[in-house]
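S.K.: Please find one structure pasted underneath; my questions will follow.
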Amino acid sequence: MHVRLQKFLADAGIASRRASERFIVDGRVSVNGRVVKELGTRVDASKDRVTVDSQPVQAKKKLYLALNKPVGYLCSRDPEDDRRVIAELVPKEWSNLFSVGRLDADSEGLIFLTNDGDFCLKLTHPRYGVTKNYIVTVKGHVTKFILEKFAKGMYVDGDQLKIDRSRILSANNSHSIVEVELSEGKNREIRRLFEAAEFEVVRLQRIRIGKIKLAELPVGKWRMLTATEIKSLLSKV
């Protein structure tokens, strides 16, 4: 079966599809000993020999994991300043997995890990609109008026930030708990919105991606996504 070269590289866990395209254009990829720079090139994984930087590439079994990320862990495969990374929470033989999107170090909850670049693209690119739900705990009394402002959009440091849907779960003068839904998550978008409205975020937990819920998955633990779950995530993209 012939597939596009960039898809083959992404499926092999080399990089995302867009990053793989850059590898090809930069002349780092060879097929059967010949450097290939054309993005339309197709290869047969069962017959063609593909190398990146002269290193052979083999098709790998696709893996799809759901992880309950703890606070304090970075969504990275490489440690920074001795900080913990989520790669430490999965078996060492899966060190090539990359996160589907990100949660900042202070946030927790559901995140996917995979070696399927195409899956990663479809769940993170804004044009596919995969929704994500969060439970946000802040100091202070959040009102519907504040959430309406978030839904209309606010400019923060030159970026227009907004939420798709939200609802107040509880609110008093001390703390408020709000459920927020996003389809396009910009860098620290939820935190920046609440901080712009002078609310301090004390906990931010992602509880759902698409139709997949965090449910009872313990903190720091992972599980495999089922074929049905993977199909449901891709059904609208």
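S.K.: Looking at (1) at pLDDT 95 or above; (2) outside any helix (DSSP H, G or I); (3) β-branched (Val, Ile, Thr), can you tell me which one residue 146 breaks?
M.R.: So residue 146 meets the others, but not (2).
S.K.: Let me ask you something else. Among what's in segment 98-134 and is part of a helix (DSSP H, G or I) and without any contact (Cβ under 8 Å) to a residue 40 or more places away in the chain, pick the residue that is farthest from the chain's Cα centre (by Cα). Break it down into steps so the answer makes sense when it comes.
M.R.: We begin by selecting, within segment 98-134, every residue part of a helix (DSSP H, G or I); these are 117-124, 126-128.
Going one step further and asking which of them are without any contact (Cβ under 8 Å) to a residue 40 or more places away in the chain, we end up with 124, 127.
Numbers: 124: 6, 127: 14 Å.
Selected residue: 127.
S.K.: For residue 162, which of the numbered conditions (1) out of contact with any Gly (no Cβ under 7 Å at 6 or more places or on another chain); (2) surrounded by 14 or more Cβ atoms within 10 Å (Cβ to Cβ); (3) of a type in the set (D, E, K, R) fails to hold?
M.R.: Answer for residue 162: the failing condition is (1).
S.K.: Counting just the residues of segment 210-237 that are closer than 15 Å to residue 119 by Cα and in contact with a strand residue (DSSP E or B) (Cβ under 7 Å, 6 or more places away or on another chain), which one comes out surrounded by the most Cβ atoms within 10 Å (Cβ to Cβ)?
M.R.: Selected residue: 233.
To keep it simple, each residue is scored yes or no on (1) within 22 Å of residue 233 (Cα to Cα); (2) modelled with pLDDT of 85 or more; (3) in a strand (DSSP E or B).
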position: 22; (1), (2), (3): no, yes, no
position: 43; (1), (2), (3): no, yes, yes
position: 48; (1), (2), (3): no, yes, no
position: 61; (1), (2), (3): yes, no, no
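S.K.: Continuing with this model, one more query. In the list 13, 27, which residue meets the criterion of being of a type in the set (Gly, Ala, Ser), in a loop (DSSP other than H, G, I, E, B) and surrounded by fewer than 19 Cβ atoms within 10 Å (Cβ to Cβ)? Explain how you work it out, then say what you get.
M.R.: Values: 13 fails: surrounded by fewer than 19 Cβ atoms within 10 Å (Cβ to Cβ).
Exactly one of 13, 27 is of a type in the set (Gly, Ala, Ser), in a loop (DSSP other than H, G, I, E, B) and surrounded by fewer than 19 Cβ atoms within 10 Å (Cβ to Cβ), namely 27.
S.K.: While we're looking at this one, here's another question. Quick one: count up the residues across segment 206-237 that are in contact (Cβ under 8 Å) with a residue 40 or more places away in the chain and in contact with a helix residue (DSSP H, G or I) (Cβ under 9 Å, 6 or more places away or on another chain).
M.R.: Final tally of qualifying residues: 12.
S.K.: Let me ask you something else. Residue 138 versus (1) in contact with an Asp or Glu (Cβ under 7 Å, 6 or more places away or on another chain); (2) outside the structural domain of residue 175 (by TED's automatic domain parsing): which is the lone unmet condition?
M.R.: Checking residue 138 against (1) in contact with an Asp or Glu (Cβ under 7 Å, 6 or more places away or on another chain); (2) outside the structural domain of residue 175 (by TED's automatic domain parsing), the one that fails is (2).
S.K.: Could we say that residue 68 is modelled with pLDDT of 95 or more, surrounded by 11 or more Cβ atoms within 10 Å (Cβ to Cβ) and under 30 Å from residue 220 (Cα atoms) here? Steps first, answer last, please.
M.R.: Values: modelled with pLDDT of 95 or more: yes; surrounded by 11 or more Cβ atoms within 10 Å (Cβ to Cβ): yes; under 30 Å from residue 220 (Cα atoms): yes.
Answer is yes for this residue.
S.K.: Report, by residue number, each residue of segment 94-115 that is under 21 Å from residue 234 (Cα atoms) and either surrounded by fewer than 17 Cβ atoms within 10 Å (Cβ to Cβ) or at pLDDT below 85 (or both).
M.R.: 101
The values are calculated or read from the model by the stated rules, or taken from the named source; none is laboratory data. From a predicted model like this one, the values you see are computed outputs, not experimental measurements. Positions of Cβ are generated from backbone atoms using ideal geometry, with glycine treated the same way; all protein chains shown enter the neighbour counts.
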